[in-house]
Every structure is written in C-alpha cells, then in structure tokens.
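Worksheet for the structure shown next.
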Amino acid sequence: MENGLQQFLLQLQQVDPAMEDLARSELFKPAPRSLSLEESTRLSYQRAKAFANAYGLTLKDVLYITPKFWKLHREPLLTLDGGAFTLLSIQCNLFVGTLAPFALKRPELQRILQSALDFDISAQFMLTEVNHGLDARNIQTTATILPDGDIDLHTPSPNDAKVMPPTTPRGGIPVVAIVMARLVSGDKDSGIRPFLVQLGNGKEMCKGIMSKALPPRTGAHPVDHALTYFDHVRLPKSALLGSVEGTEDKREEFLSSIHRVAVGTLFLSGCVIPSLKLAAYNAACFSQNRLVSGQDGTPMAVIDFRTQHMPILHAIAQYSVLEAFLVSAAIAFREQSVDPRVRHGIATAFKAIALGHFSKSITAMNERCGWHGHYEHNQLLQMELEMRGASTAEGDIRVLAIRLASELLLGRYQMPPPNDSTSPIARHEASLFSEARDLLQQGAKGIHRSERFNRDILPLALPLVEAIGHRMAYEAAIDANVDPSLLNLYESVVLKEDSAWYVEQGGLSREIQREMEAQAVDVLLPRMNDLLRASGVQPYSNAPMTSKMLWNDFVSGLEVFSGDAPSDLFP
C-alpha cells in the first residue's frame, strides 16, 4: 500500500512529454562552438523562456511550494543548460516568491509577476554585496527617503556593489529586480527592506545604474553575472515593498524578507538528482561500448570490471535515496507548524549530503571515461562545473553547516529525531554530536565565539550536518519504500564516509564493510540497465561517447586540417 510520501515521490518521477519534446528541439541541441559570449548568453535566456513556458509554473505553485514547484528542480532538462536553469530558478523562486506576498495588497504587481513567470522580463533578486555575503544583514546599499517622498537608491562605495545577479542587457529583455537596501528616513536607519527597481530595457541600463559583467565561469553555460552599482537612482515611493514604518523586530523583518533564500537552499540542491542520473547514464553507456581484450583475447566491455560499474551503481543508489529525501524535506518545508529554523536545518542537511554525494560520484564516474571525460561535450565535466555554483548559491554550504551545528550544540532547537535510534547510521549521528558536545564543554567552555570553538568545533560542523542528512535520507527512503537493494548499497556508501567510527564504535570491521558493499553491488549489477532506463534521462543525453551514431556525428563536425606539404624530416 502506498503512503503519502511514496505517492508524492511517484508524482515527482512522472515523465513530462513537453520537457522531452523541448530536449529534442533545435533550441536545446548542443550550441555551435563558434557562438560568441554574447550569443551564448542570449541562447541561455531563450532556453530559460522556453523552459518556463513549456513547464507552466503558476503563482500558486511558487507561493505555496506545490509538488509542481518541487519537480521543476529535478527536471532532467536543466542538465542541458545550467545557465538557463540558473536564470529560471532566480526568477521563479527568489523574485516571484518574494514579490508575491506583497501583491496580495497591491494588485498592480500582478502584471509584473505574470511577466516574470512567462519570462517576458528578466527578474532578479539582489541581496549580497562584494563585501557582504552570508553577513548580508550588514549590507550598505542605501535607500533614502527624500523630502517629497521619493527614494534615493545609492551604492556608497565600490565594495558595496551588488554581486552575482545577472543584470546586463545581454539577455535582450527588460531587467527588473528586487533590491535589498538599508532604508534611511531622516537620521533613522529603518533596517533592510526590499525595493522593486527596473534596471534596464533589454538594450541599455536605466539612468544611474551601471552593470559590470563578470567573466564567464569556467566550463559552465554562460550567464551574465555582474557587479551592479546605483548612483543616486531616484525611485517612486511605490518602489518600497511594505510600509515605511516596518516592524519593531528588525532581525525578524529582515529574515522574513529573504525567506525564499531558504527555499532555494533546499530545492536548488535538488538539481543534483537529474545531474547524477544523466552522469550515471552516460558513464554506463560509454563503459558498455568501450571494449578491451579479455584474458582469452576475446573483446569484453569495461563495464564488467568492478572498478567501472561500482561508481555507477553508487550514483544510482544515491539519487534514488536523495529523491525520497527531497520529497520528505519538501513536505516538512510546507508545514507551517515546524519551527522555521528546523525547516532551514533540514534544507541545509539535504544540501550538504546532496553536494557531497555529487562531488564524489561525478568525479569517480568521469575518471572512468578516460580522455573523453576531459571534454564538456560529454556532459559530465560540464555538469560538475555547473554544480559548483550550487555550493555557494543560496548560502555557502560550509558556513550554513557551521551555523546549524553551532545552534544545535548550543541547544537552541533540535532536528527531527530518528525513527530508529538503534540503526548504525542513527547511532553514528548521535555519537558525533556527543563527542562535539564534550569538546564544547571541555575546551570551549560552552562559548561559541572562542578560539577553542574555532579550533575544535568548526572543523566538525560539516561532518555533523552530513551525519544528520545521511540519517534523514536513509529514513525517508525507507518510508518511501525505496528498493531495499538500493538502500543496502546506499548504507554501505554512507559507512565509507566515516569507516573508522564504524570500526571503532559500530562493531563493523573493514572486512564486514567491504563485504556489505560487495553483496549490495552483486545484487544490483544484473538490474543496472533497467535502473538506468527507469531514470528517464535518455532523451537528455547527447554525449558523443555514449553511442557510435553520436560519435560519428561529432567527428563529422570537427574542424579539418589537411594539405599537400612535403615531408622534409629526413634529407
């Protein structure tokens, strides 16, 4: 019998024919290498618009974080252009999600929201500055109320420039942004508030606004990330979202205004799932087609080697469990009775293990592809480089982990307890926290801003958060009735993350751990092709190394050099 979690998971895994059609369209075919940076950037904007229009996300989906919103972040189409999906994610989550609550009292904002959902405008969210990232409460951009009620938006110094949001005219469509700035009324600092600002018309920037395009990120699809400066830009008083007075609690007001960042922490990390699926599919296809001579001289596929198929099966187990965890976390995220700090903690735990699994698995699989893995046209390397941006987007994972681990160790709140406290993974989590609490009391004397805390506790933060994530992921997969064989392999992968603890305190010798993994792989290997087909990513694979047809097409498009030069190497 299916439970609620399993039903949501099945819904998430349903194939969308519109997405497959788009993947096969001319627009999403690999771009010619001859395209200029400007042309490549414009192409990412065109793909983002096509993605948005085909997917059909509604205001309700964004506002209430519906399953359709969840599914957007694990659509395999995003693997074909990480730049396009970056634009779409900013637009739908950060911009629309932040502006929508204000539109309930200001109906004139509905038109702007719909334009953003339709991708008729480029809609950005501008919070961080060159000198202020995770300490964004200290941003210096000012919005000063003038005597006539208008607002003066200004960047006080070059180090206060807004950093990263794509704001240049390269996209060819008008650019609008929610700009977070410090509201100044007279001599009073009224806290950080959101302002709705038009930055450009798609051809040039608006008066007083300057955008300096950052260089493209290595290996990633180009997005016009930029530094943006405001030189006493005059705004109407209606640009302020919310009232001038604000609330007494400035910290809570600030956190409320950036609440969609936490949503992005969770769901943007969900991009790991389709990326792992496509990487596993491409690596498997290559490994099945790559032949070597066996002991008797007959050809054999390299997929038969344990060192070749094991990383692929690891990835299959990881994305299967992560899908269940994403659904479980999304359900908790929608539950308003859950402490917001706990919701953000769950998002941080998901992000920590999703990025950790991806980083290890994508490298392992790419290395098994030999020289093919060095080229972005085979997709694995490009996905790896694209995903590196996710580790800092919506919060650098190491800093988020430090914050979460510190607050848990100080007893400010608690994460959801384990369903089975006797399981090896749950015992590992409890043990790590017990050790950290002892260190906190003995060395740092319970003071979290001491040198001993910096020395002893901070290095433990990410492993502590990963331990929470591994346990929650494993339990979510059990609740979702994920195949026990996949769960067994996932468990063996997690044990290897801290093998020494399981030897020292878990009663599992290195030999037992190796055998657990070997038996899980033995069971899954005959089913590997079926599992890969079930992932549904074949329409999104265009790597030349995966088939003879794609390889021949690739070779036929290479630049050719030939001639009639005489050979004069020998006299």
Determine which single condition ALA123 fails, assuming it passes every other condition in (1) closer than 18 Å to ALA226 by Cβ; (2) of a type in the set (Gly, Ala, Ser); (3) in a helix (DSSP H, G or I). (3)
Give segment 368-415 a look and list any residue that's charged (D, E, K, R), in a helix (DSSP H, G or I) and surrounded by fewer than 23 Cβ atoms within 10 Å (Cβ to Cβ), or say none. GLU376, GLU384, ARG388, ARG398, ARG403, GLU407
Against the definition (assigned by TED's automatic domain parsing to the domain that holds SER434, under 16 Å from the mean Cα position of the chain (by Cα) and surrounded by 17 or more Cβ atoms within 10 Å (Cβ to Cβ)), how does LEU355 come out, yes or no? yes
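Residues are listed down the side, and each one gets a yes or a no for (1) over 21 Å from the mean Cα position of the chain (by Cα); (2) closer than 30 Å to ASN552 by Cα; (3) part of a loop (DSSP other than H, G, I, E, B):
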{"site": "SER256", "(1), (2), (3)": "yes, no, no"}
{"site": "ARG260", "(1), (2), (3)": "no, no, no"}
{"site": "SER269", "(1), (2), (3)": "no, no, no"}
{"site": "ALA279", "(1), (2), (3)": "no, yes, no"}
{"site": "CYS285", "(1), (2), (3)": "yes, yes, no"}
{"site": "GLY297", "(1), (2), (3)": "yes, yes, yes"}
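Yes/no matrix, rows are residues, columns are (1) modelled with pLDDT under 95; (2) part of a helix (DSSP H, G or I); (3) in contact with a helix residue (DSSP H, G or I) (Cβ under 8 Å, 6 or more places away or on another chain):
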| position | (1), (2), (3) |
| --- | --- |
| TYR45 | no, yes, yes |
| PHE69 | no, yes, yes |
| ALA100 | no, yes, yes |
| LYS105 | yes, no, no |
| GLN110 | no, yes, yes |
| PHE119 | no, no, yes |
Pairs please, first residue from segment 181-206 and more than 16 Å from ASP160 (Cβ to Cβ), second anywhere and polar (S, T, N, Q), Cβ atoms under 6 Å, 6+ apart in sequence or on different chains. PRO194/SER257; LEU199/THR167; MET205/SER211; CYS206/GLN198
Would you call ALA543 on the phi < 0 side of the Ramachandran plot and without any contact (Cβ under 8 Å) to a residue 40 or more places away in the chain? no
Criterion: small (Gly, Ala, Ser) and at pLDDT 95 or above - qualifying residue of SER40, SER34: SER40
Kindly provide the set of residues from segment 162-207 that are surrounded by fewer than 20 Cβ atoms within 10 Å (Cβ to Cβ), small (Gly, Ala, Ser) and not in a strand (DSSP E or B), ordered by number. GLY172, GLY186, GLY202
Which one of these is assigned to a helix (DSSP H, G or I), modelled with pLDDT of 95 or more, more than 29 Å from the chain's Cα centre (by Cα) and crowded, with 16+ Cβ neighbours inside 10 Å: LEU525, LEU462, LEU486, LEU495? LEU525
Hey, HIS314 buried (at least 24 other Cβ atoms within 10 Å of the Cβ), modelled with pLDDT of 95 or more and not assigned by TED's automatic domain parsing to the domain that holds THR66 or not: yes
Quick check on VAL15: is it of a type in the set (A, V, I, L, M, F, W, C), crowded, with 17+ Cβ neighbours inside 10 Å and not assigned by TED's automatic domain parsing to the domain that holds GLU394? no
Complete set of residues in segment 30-49 that are touching a residue at least 40 places away in the same chain (Cβ under 8 Å) and farther than 13 Å from PHE85 by Cα: PRO30, LEU37, GLU38, SER40, ARG42
Only one of ILE457, ILE425 that is of a type outside the set (Lys, Arg), surrounded by 13 or more Cβ atoms within 10 Å (Cβ to Cβ) and at pLDDT 95 or above: ILE425
Taking SER238 and the conditions (1) in a strand (DSSP E or B); (2) over 24 Å from LEU134 (Cα atoms), which numbered condition does it fall short on, given that it satisfies the others? (1)
Can you tell me which residues in segment 226-252 are in contact with a helix residue (DSSP H, G or I) (Cβ under 9 Å, 6 or more places away or on another chain) and modelled with pLDDT of 85 or more? LEU227, TYR229, SER238, LEU241, GLY242, VAL244
Quick check on my filter: what residues within segment 134-161 are touching a Ser or Thr at 6+ places or on another chain (Cβ under 8 Å) and part of a helix (DSSP H, G or I)? ALA136, ASP160
Can you name the residue in segment 18-43 that is among the charged types (D, E, K, R) and assigned to a loop (DSSP other than H, G, I, E, B) and, of all such residues, is farthest from the chain's Cα centre (by Cα)? ARG33
Can you name the number of the only condition in (1) buried (at least 17 other Cβ atoms within 10 Å of the Cβ); (2) more than 23 Å from the chain's Cα centre (by Cα) that ALA226 fails? (2)
Would you confirm, using the coordinates I've provided, whether PRO236 is under 30 Å from GLY82 (Cα atoms), surrounded by fewer than 19 Cβ atoms within 10 Å (Cβ to Cβ) and either β-branched (Val, Ile, Thr) or out of contact with any Gly (no Cβ under 7 Å at 6 or more places or on another chain) (or both)? no
Lone unmet requirement of (1) polar (S, T, N, Q); (2) in contact with a Pro (Cβ under 7 Å, 6 or more places away or on another chain); (3) surrounded by fewer than 17 Cβ atoms within 10 Å (Cβ to Cβ) for SER257: (3)
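The values are calculated or read from the model by the stated rules, or taken from the named source; none is laboratory data. For clarity, every value in this text was computed on a predicted model and none was experimentally measured. Glycine gets a Cβ as well: all are built from the backbone with ideal geometry, and neighbour counts include every protein chain shown.
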